[in-house]
1. Using the Cα centre of segment A:348-424 as the reference point, and only Cβ charges (+1 on K/R, -1 on D/E), how large is the resulting charge dipole? Debye, rounded to the nearest 20.
2. Can I get the semi-axes of chain B's equivalent ellipsoid? Compute them from the C-alpha gyration tensor as square roots of 5 times the eigenvalues, in angstrom, largest first.
3. Can you give the angle from 0 to 90° between the axis of helix A:32-49 and the longest principal axis of chain A, with both taken from C-alpha atoms, to the nearest 10?
4. Normalised radius of gyration for segment A:7-316, please: alpha carbon Rg relative to 2.2 N^0.38 Å, two decimal places.
5. Specify the angular offset, from 0 to 90 degrees and rounded to the nearest 10, of the alpha carbon long axis of helix A:7-16 from the longest principal axis of the alpha carbons in chain A.
6. Compute the angle between helix A:69-80 and the longest alpha-carbon principal axis of chain A, please, reported from 0 to 90 degrees and rounded to the nearest 10.
7. Order these by the 10 Å Cβ neighbour count, fewest first: A:Leu139, A:Leu235.
8. For segment A:363-509, what percent of Cα pairs sit more than 20 Å apart?
Amino acid sequence: MNEYNVLSFLESSAEKHPDRVAFKDKDEAIDYNNLLTRSQKIAFVIRKNANLELFEKNKPVAVFIDRNIRSLQLFLAVVYSGNFYVPIDPTLPIDRIQAMLDTLQPVCCISATKRKLPVEADSFDSLLEQSEEIGDDYLESIKKIREFAIDTDPVYAIFTSGTTGVPKSVIVSHRSVIDLVHRFAESFPFPELPVFANQAPFDFDVSVKDIYNSLNLGGTVVIVPKSYFVMPAALFPYLEENNVNVLIWAVSALRIVQNFKLFDACVPDSISLVMFSGEIMPVKCLNYLMDYWKDATFVNLYGPTEITCNCSSYIIKDRLNDTDSIPIGKSFANTEMLLINPDTMQRIRKAGEKGEICVKGSCLALGYYRNSQQTEKAFVQDPEVTAYQDLMYRTGDIGYYDESGNFYYAGRSDHQIKHMGHRIEMGEIETVVNALDEIKMACAVYKESKEMIYLFYSAEAECDDIIIKQIRKYLPSYMLPNKFVYLHTLPMNAHDKIDRKKLAELEDI
Amino acid sequence: MDELMEILKGARPDVDFENEEALIDDGILVSFDIIYIVNAINEAFDVEVNVAQLKPENFNSAKAMWDMIRKMQE
């Protein structure tokens, strides 16, 4: 089928398996038929409440999320309304949520959570109630909206850390998600009736893979409560109980399995496909998983949010040695991955030579919402093409490929880090700290060996407590430094910049 | 208890471990904190926290963690 809207996946599965459970959480479940009808009806209510004219589409709708199927129903309702959804975690600091909303200027805010919110939002219950009062004319309206739809319309936007201290919002089109879903279906051995255990929060694009792959394959998404990853005694029994067979998880979540030796208590043996991404998978952890899930297929996935989840994959065939590095593999079909020298912008075409990984294809996001400056920096013209516009995304990741064409990840070209599954710009932490009156100079450094963020700062006097108190108002808890180090002055390098290398080398402070 | 407090502060300097009593129930500690804390407890007190002990009632407060450690040391 030639889709141009992600809703086609839902519609085709609803026709084939109307009674199959589409989404399930700890409290409730919804089948395909009801999911379809309900999201169409709520879509109608969203448009009505936002006072949208017939021709208006592609407006941001902020969705306050929770770990429940209500969030997913609201996402699809927003898409049916002809707009795009922006998931927002209500537990983030209020100032940060406000900054996100300032960027978005959403046509409306809706909420799937019972938590207290800093702004007014239409609750799921209220939307559902309103949707039950409407007549059948919603169908006509939904059909009209669809007639105006094209595949370059945005489907969602997801916020990510920004160097300037303001989070950036990556906006992604239907075309990119459709491309991703087809690549997954043709590349990986999904079970006949896939049951996905959703681990990733809905404001992370890892969850996009659960949602749309499942809708395409007529599968079920089972949402795992967040607390099961904090206190994991209940995690594996929950997977077993729900006959889960597919895991598309962050590496950090699979490391929990290894760290707490979850297989000691129970082995959910229905698991047949395990895909991971987000950071480098430690071989020890992978081998541990392979020892217990002997018949499962393991896949290393690579890619930043800006190219719609993933652009390359590597299926792991055999056990690896502890010192081996796992390739990020070869690019998906309809996707081109290339290396450039970031200084000369020349293409690198030699195996083993390192360069910045760049990506081309339908997978490219539409850019950063309301941020043309950052968009132009990251989505650039392919320097080898001068006769027509041909964009590529500069990932900022350094990589190389081997003789067989498999790519490997080899670090960052800037100060972005991956810390416990989160993508964080050191610059964002620094901007927030530097804004405090007490601070003369601050530098955030990630110590990989300890997996900790260190904040080095100079000030009139030591003031850890003041910094913590102030930055908590803006930064989410995963971005808070683990260690604060007061120095009289920060070391500088020959270019008059803070000497990060020297700071990183400071021994065990 | 001092040693435990040291570990907890090391994991999350922003949390008031002296007074918080719902570290898990209120979602204050996240999974990565627990990994760090459990590994540090295992090492510092020469114990092994097992899967079955990873329940909110054992981690909701510094005191609950301390009680759990003491029980294991007996």
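1. Charge dipole of segment A:348-424: 320 debye, to the nearest 20.
2. They are 17, 13, 12 Å, listed from largest to smallest.
3. The angle comes out near 80 degrees.
4. Cα Rg divided by the expected 2.2 N^0.38 Å: 0.98.
5. Orientation of helix A:7-16: about 50 degrees from the principal axis.
6. So the helix axis and the longest Cα principal axis differ by about 80 degrees.
7. Sorted ascending by nearby Cβ count, the order is A:Leu139, A:Leu235.
8. Percentage above 20 Å: 60.
Quick note: the coordinates plus some simple rules give every number you see, no bench work behind them. It should be emphasised that the depicted structure is a prediction, and the values quoted were computed from it without experimental measurement. As a convention, Cβ positions derive from the backbone with ideal geometry for all residues, glycine included, and neighbour counts pool all protein chains shown.
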